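Working notes for the structure below.
The values are calculated or read from the model by the stated rules, or taken from the named source; none is laboratory data. Computed from a predicted structure; not experimentally measured. Please note: Cβ atoms are built from the backbone with ideal geometry, for glycine as well, and neighbour counts cover all protein chains shown.
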């Protein structure tokens, strides 16, 4: 109705969503979203790496919680106008049970992979998911795993320094030790760019007749080159010994030559 009236509230994406998705869907076993590389559980069965763990923030009994699970399928829904949505089908661990499903201490969060939850609601938007790794729990049974959250690729947790903090540190005579060093301005003189304005010529020429060289000529040239290299080998140890003997001969009248036997004695 709003789209037929050219209402500004009826955007093209909203209209595509109202028309519903295409009945044909695509299935994937891997994707990269939010800086994380996700693999389905089936894909990493015979792999040494783990990329199927995920966590999604949500609410349970009016309390914000983290829902942990594993990725089962990646589904792409297509809409008119070239729009697409990616959804994850997951197996969720039962975090509602504070004793049998999830345990938290001062440093670690452990989940029980033998207890599943929300079997009738396994889907979530791919953009809502973050990646986690599961490590075997050493204190509990083998059905428990420790959750380790992952960092997105090409992202670094660098603390930001406010201008006021920098001014205070300058007054104190120190740039501070709690902040990462940052440059507010770039120096163009530090940037070196090599520019070659010469024209590029192809290595293969079509305007001349090709000249064929016998392979034996190349082999002989290599032998001559190798023999020439051997002629320049210099034995530094021999030269040093000769210099040392000359030195001892010239000075033996005033000082003796020290050898290994003298040192041992």
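Summed over region 77-102, the residues that are in a loop (DSSP other than H, G, I, E, B) and crowded, with 17+ Cβ neighbours inside 10 Å give a count of 3. Note on region 47-61: residues that are part of a strand (DSSP E or B) and buried (at least 17 other Cβ atoms within 10 Å of the Cβ) total 4.
Within the group 64, 44, which residue is surrounded by 15 or more Cβ atoms within 10 Å (Cβ to Cβ) and farther than 16 Å from residue 26 by Cβ?
Details: 64 fails: surrounded by 15 or more Cβ atoms within 10 Å (Cβ to Cβ).
Exactly one of 64, 44 is surrounded by 15 or more Cβ atoms within 10 Å (Cβ to Cβ) and farther than 16 Å from residue 26 by Cβ, namely 44.
Among the residues making up region 118-140, those that are assigned to a loop (DSSP other than H, G, I, E, B) and surrounded by 13 or more Cβ atoms within 10 Å (Cβ to Cβ) are 118, 122, 129, 137, 140.
Of all residues in region 69-79, which are at pLDDT below 90 and closer than 29 Å to residue 103 by Cα? Answer for region 69-79, where residues must be at pLDDT below 90 and closer than 29 Å to residue 103 by Cα: there is none.
Is it the case that residue 67 is in a strand (DSSP E or B), touching a helix residue (DSSP H, G or I) at 6+ places or on another chain (Cβ under 9 Å) and closer than 30 Å to residue 20 by Cα?
So residue 67 does not fit the description; no.
Scanning region 35-46 for residues that are in a loop (DSSP other than H, G, I, E, B) and at negative phi gives 40, 41, 42, 43, 44, 45, 46. Total residues in region 103-117 satisfying the condition of being assigned to a loop (DSSP other than H, G, I, E, B) and in contact with a strand residue (DSSP E or B) (Cβ under 7 Å, 6 or more places away or on another chain): the figure is 3.
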